[in-house]
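The structure appears below as C-alpha cells.
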Amino acid sequence: MKVLKHISLIVLFLSAFSGISQQYTTKAYAKYQAQEFDSAKYWVDSAVVSNEKTNSQTWQLRGLIYRKLESPENKGYREIAIESFLEAQKVDPEGNHKEKIDGYLYNTIIRYYNDAVTQLGEKDLEGSEKSYVAYKEMYLAHVDGTKDFKTNDIEYYNALGSEYLKLIGTLSGEEKTQKTAKGVAFFEQVLSLDPNQFQPNFNVGIMYYNSGADLIMNMDPLTPIEEIPVIEEKAQNNFKKALPFLLEAHKMQPERTDVIEAITGCYYGLQDDENYTKFQKILDEKNLPTLLEKHSANPKNRAVVRELVRIYSTTFKDDEKYKKYAEILDNLEE
C-alpha cells in the first residue's frame, strides 16, 4: 500500500491578529510561532470563549495548535483540531478562508489513513481497521461526500486480509478460527467489489482448505469414535466452502500448481474420487518432470521415490517404471 506522507503547511495569518479585540488570539499566535504549543493552547482556548470566538482565523489557529500537540497520549487532540476547523467554516459564511480550511481538514483527516498503514505494518490489525474506517467516515463527512472508495477499499482490505492470512499460521484453536473468519471476511469484501481478482479468490480458498485440513490433521488419536464423524463433517464443510474460490482462481491462472494442489486436497477430503483423480492427474503431469530431476540429483531422496512409485502405479500406470522405483524404495528403506 502507498503511504501518504504527512503534509506540513506554513500558516500565514495576514492580519497578524492585531488590535485589542484579538488579544488572546494574538498571544496564541505568537506562542505558536515560537513553537511553545502548550502555552499557545492556553491562549487560544481563552480566545474561543471570548468575543474572539466569531473570528474564523482564531478557530483555524486552534486547530493547528491542537494538531501540533497530538500524540499517543493525547489522541483526542486530533478530534479537537477537526472540530476547530469545522467551527472555522461555520463562522466564515462567505467562504473567505474556504480553501485554507479545506486544506487543513484534508491534511488532518488523512492522518487516519496514515495511522491505518502504520498500524498494519506494526501488526495492530484491529487498530488499523478502525483507523481506516474513521478515515473514510471523516473524509466523506468533511472533505468530499461523493468520493468513490472502491479502489482504496480493494487495496486496503486485500492488504489487511493478507496480514490475517500470515497471522493465522502462528495460531491454534479458537483464536485461529476467529482470525480466519476475519481474514475471509476482508477478502470477501474485496470480491464483492471486484470478483475477478485472483489473489483474494485463492486466499479465501486456502483459508477454508487449511481450516478443513487442520481439523483432520490435528484430530486427537484418542477422540471417541462417535465424535469422529462430527469432526469429519466440519472438515468437509470447509472443503466445500473452499472449492468455489479455488476453482475460480484456477480459471484465472490454470498453471498455478499451488491452486491445483489445494483443489486436489479438497476433492480428496470430500471423497470425490472422480474429481480427485482428474486434478491429481493434472498435478502429476506438472510435477513429474521436476520429480525425475530431483531423483537424478539425489537418488536417495525417499519422498521423491515414493511419489514416483505412486505416479507409476496409479496416475500413469507403467509396470516397468513402477517396479524400478519400487525396488529402489525397498533398498532405501532396508
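Throughout, read-outs are computed from the coordinates displayed, never taken from laboratory work. Source: prediction; values computed, not measured. No Cβ is skipped: glycine too gets one built from the backbone with ideal geometry, and neighbour counts run over all protein chains shown.
The table below gives the values:
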{"quantity": "Angle in degrees between helix 98-121 and the longest Cα principal axis of the chain, rounded to the nearest 10", "calculated": "30"}
{"quantity": "Theoretical gain in end-to-end length, Gln199 to Lys317 [0.36 nm per residue, Cα-Cα removed]", "calculated": "38.9 nm"}
{"quantity": "Shape category assigned to region 130-280 from the gyration tensor of Cα positions, a/c cut at 1.5", "calculated": "oblate"}
{"quantity": "Angle in degrees between helix 228-252 and the longest Cα principal axis of the chain, rounded to the nearest 10", "calculated": "70"}
{"quantity": "Size of charge dipole - region 1-145 - debye, nearest 20, with Cβ of Lys, Arg +1 and Asp, Glu -1, no other charges", "calculated": "280"}
{"quantity": "Stokes-Einstein D (µm²/s) once Rh is taken as the Kirkwood radius of region 280-334 over alpha-carbon pairs, at 37 °C in 0.692 mPa s", "calculated": "296"}
{"quantity": "Backbone N under 17 Å from the Ala297 label point (7 Å along Cα→Cβ), restricted to region 308-334", "calculated": "308"}
{"quantity": "Extension reserve of the Ala141-Ile216 stretch, reckoned as 0.36 nm per residue once the Cα distance is removed", "calculated": "22.1 nm"}
{"quantity": "Region 229-334, Cα convex hull volume normalised per residue, Å³", "calculated": "117"}
{"quantity": "Radius of gyration and maximum dimension Dmax of region 93-217, Cα, Å", "calculated": "18.0, 69"}
{"quantity": "Extension gain from Asn152 to Glu274, taking 0.36 nm per residue of separation minus the Cα-Cα distance", "calculated": "39.7 nm"}
{"quantity": "Between helix 198-217 and the chain: long-axis angle, C-alpha atoms, 0 to 90°, nearest 10", "calculated": "60"}
{"quantity": "Volume in Å³ per residue [convex hull over Cα atoms, computed for the chain]", "calculated": "208"}
{"quantity": "Reach of Lys41 by Cα under 30 Å, taken over lysines that are not fewer than 8 positions away in the same chain", "calculated": "Lys5, Lys27, Lys31, Lys53, Lys68, Lys75, Lys90, Lys98, Lys100, Lys130, Lys136"}
{"quantity": "Distance between modelled label sites at Glu232 and Ala34, nm, 7 Å Cα→Cβ extension", "calculated": "8.1"}
{"quantity": "Sequence-distant lysines (8 or more away, or on other chains) whose Cα lies within less than 22 Å of Lys294", "calculated": "Lys281, Lys286, Lys317, Lys321, Lys323, Lys324"}
{"quantity": "The chain, helix-only ellipticity at 222 nm - DSSP H runs n ≥ 4, -39,500 (n - 2.57), divided by all residues, nearest 500", "calculated": "-24000 deg cm²/dmol"}
{"quantity": "Cα centroid separation - region 231-248 against region 276-302, whole Å", "calculated": "26"}
